[in-house]
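Here the structure is laid out as structure tokens; the discussion comes afterwards.
The values are calculated or read from the model by the stated rules, or taken from the named source; none is laboratory data. Predicted model only: the values in this text are computed from it and were never measured. Cβ sites come from the backbone with ideal geometry, for glycine too, and all protein chains shown count toward neighbours.
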Amino acid sequence: MKVGDYEIMEGLYYTKEHEWAKVGDDNKVTVGIDDYAQKLLKDIVYVELPEKGTAVEQMKAFGIVESVKAVSDLYAPVSGVVADFNTRLDDEPELVNTGPYGEGWMVVIEPSNLEADLANLMSAEYYAEYIKKLLEEH
Amino acid sequence: MADRTHLYETHVKKARMVDFAGWNMPVLFETTGTIKEHMAVREGVGIFDASHMGDFFVHGENSAEFLNYVTSNDVHKLKLKQAQYSCVLNERGAMKDDIMPYKLADDYFFLSTNAVNVNKLDAWFNCILSFAKKMKPDFDVQIENKTHDYALVSIQGPKATETVQKLTDIPLNFKWNYIEQGIFVGENVLISHIGYTGENGWEVWIEDTKTYHPDPAKRQPSRKVQKVYDAILEAGAEFSIVEAALGSRDTLRIEAGYTLYGTEAWEEQIPSVAVDRTTPFEASLGFSVDLNKETFIGKDALVKQKEEGLEKFIVRFELLDRGVPRHGYEVRVGEHNIGEVTSGTMSPIRKVGIGLAFVNTEYSDIGSEFDIIIRGTPKKARVVEPPFYDTKKYGRKRTM
């Protein structure tokens, strides 16, 4: 669904820091940043992701995304352990701009507390409202 | 309220704006972004609004003498219509600004200065001048600060000359660092063969005093300046000309290895919030200094520094590990701090971290290696000769 110029993909969970979380059939959670975040950052030049096996905690920083001008933390939508990370972002960080929900995926987390953690996240519809409010404030 | 250039009204609608040196300026254009703007300048042509930069006119019989006193280089070396790179110094030899003085006549000079130092230079030049006139009442110099009167557009890239030549009868075959006056899109302008990106390019000054108002919000848009700007966009359309902003101005000048006042160099301010940094020698700008001049403000300090040797120096480095170096990041060798990063970015062409750093002289030779500390992790870096791009393929001296 669209909110202004921003594409909010349905079926995903969102954090207020603009990360999305997709629960796979295997209950593993794929994570990235959304269209609003990538447009705000503009050209992404560097992404720093944790190694496999790293423990992450909900809403704590797990990595870094850098645009030309700014350094931003990435916040884990759910707690658990990093099962995989997108190695393509080493050489092609711009994939986060061109495919924030697809090729720009960042990590896959093996969750430790999925049901409880999901309850703390926003549904796509709720997040769209959140973005609408943010845009009105500016 | 932040100041506005003649092009503010159109830019504010399509650019992300920032406060830069007290001016409301585009940092990037929404449809392109910094990287696309950067590559357009390297591969085609881009146009920048640089109107915030300072414009001082110095006239009178004693103009050259005055300028030679307040700057580091020697204006007597200038041919007619030529510019030289020069620094305005304080008594300690530290840089108040780096400027380009142009000799329009023996008694008439035009100074292009950094935006951030305009008010300071206005005060400084007038202070020194009133001192000179107290000592010598017939000292013939008048200084005009015409920063608000002039718009400046900078057209840079391998296709800049072809673009700009369409709009003027002035033959654009004159040398780098020279200026001409003439008609451009039907308006009287100053046009200089100069730039700050490493590419070939032209800077065009257009005077428009009619739309000025002390309250920026009450200024009318300048039809004259907009006409010239739009004509350049139309002329450059066949080369896919791009509007470029401060973000790409910075990535381009870093890739070219150029210093910027405020990041590589500054002087102590009132109230004291910083210490002097740097002298032109420390900033790798020794070519802007002519110690053969009999006297100039800062000369004694520079002579002393030359005799004693430099403790620290501005170097260009590239990262050997992944990462983006940024202003303020620590530079270390082992456990020892040896300096700091002054400017840094991810090179759009090379896709490695690049930048400038102020380091102990022992580590300033080409090939020296040190660590840049990024979020606590040391990343290896090596001192290199600028520019960072392959000069056969990019830059105004390209051969391919």
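Overview of results
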read-out	value
Single residue of B:GLU9, B:GLU37 found to be within 14 Å of chain A (Cβ to nearest Cβ) and in a helix (DSSP H, G or I)	B:GLU37
Residues that are more than 14 Å from every other protein chain (Cβ to nearest Cβ) and among the acidic types (Asp, Glu), drawn from region B:305-347	B:GLU307, B:GLU308, B:GLU311, B:GLU318, B:GLU330, B:GLU335, B:GLU340
Residue that is nearest to the other protein chains (Cβ to nearest Cβ) [pool: residues in region A:59-84 that are more than 26 Å from A:ASP26 (Cβ to Cβ) and not in a strand (DSSP E or B)]	A:VAL68
Among (1) closer than 24 Å to B:ASP250 by Cα; (2) surrounded by fewer than 19 Cβ atoms within 10 Å (Cβ to Cβ); (3) touching a residue at least 60 places away in the same chain (Cβ under 8 Å) - the single one A:LYS132 does not satisfy	(1)
Extreme residue, nearest to B:GLY309 (Cα to Cα), among residues of region B:350-361 that are in contact (Cβ under 8 Å) with a residue 24 or more places away in the chain and of a type outside the set (Gly, Ala, Ser)	B:THR361
Condition check for B:ALA301: among the aliphatic types (A, V, I, L, M), outside any loop (DSSP other than H, G, I, E, B), touching a residue at least 40 places away in the same chain (Cβ under 8 Å) and within 17 Å of B:ARG92 (Cα to Cα)	yes
Options A:GLU103, A:GLU92; residue that is modelled with pLDDT of 95 or more, part of a loop (DSSP other than H, G, I, E, B) and more than 10 Å from every other protein chain (Cβ to nearest Cβ)	A:GLU103
Matching residues, region A:18-49, being basic (Lys, Arg) and either part of a loop (DSSP other than H, G, I, E, B) or more than 14 Å from chain B (Cβ to nearest Cβ) (or both)	A:LYS22, A:LYS28, A:LYS42
Single match in B:PHE48, B:PHE20 (criterion: under 23 Å from B:ILE99 (Cβ atoms), within 14 Å of chain A (Cβ to nearest Cβ) and not acidic (Asp, Glu))	B:PHE20
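Table: residues versus (1) under 22 Å from B:TYR196 (Cβ atoms); (2) surrounded by fewer than 18 Cβ atoms within 10 Å (Cβ to Cβ).
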| residue | (1), (2) |
| --- | --- |
| B:GLY60 | no, yes |
| B:VAL70 | no, no |
| B:GLN84 | yes, no |
| B:ARG92 | no, yes |
| B:ASP97 | yes, no |
| B:ALA123 | no, yes |
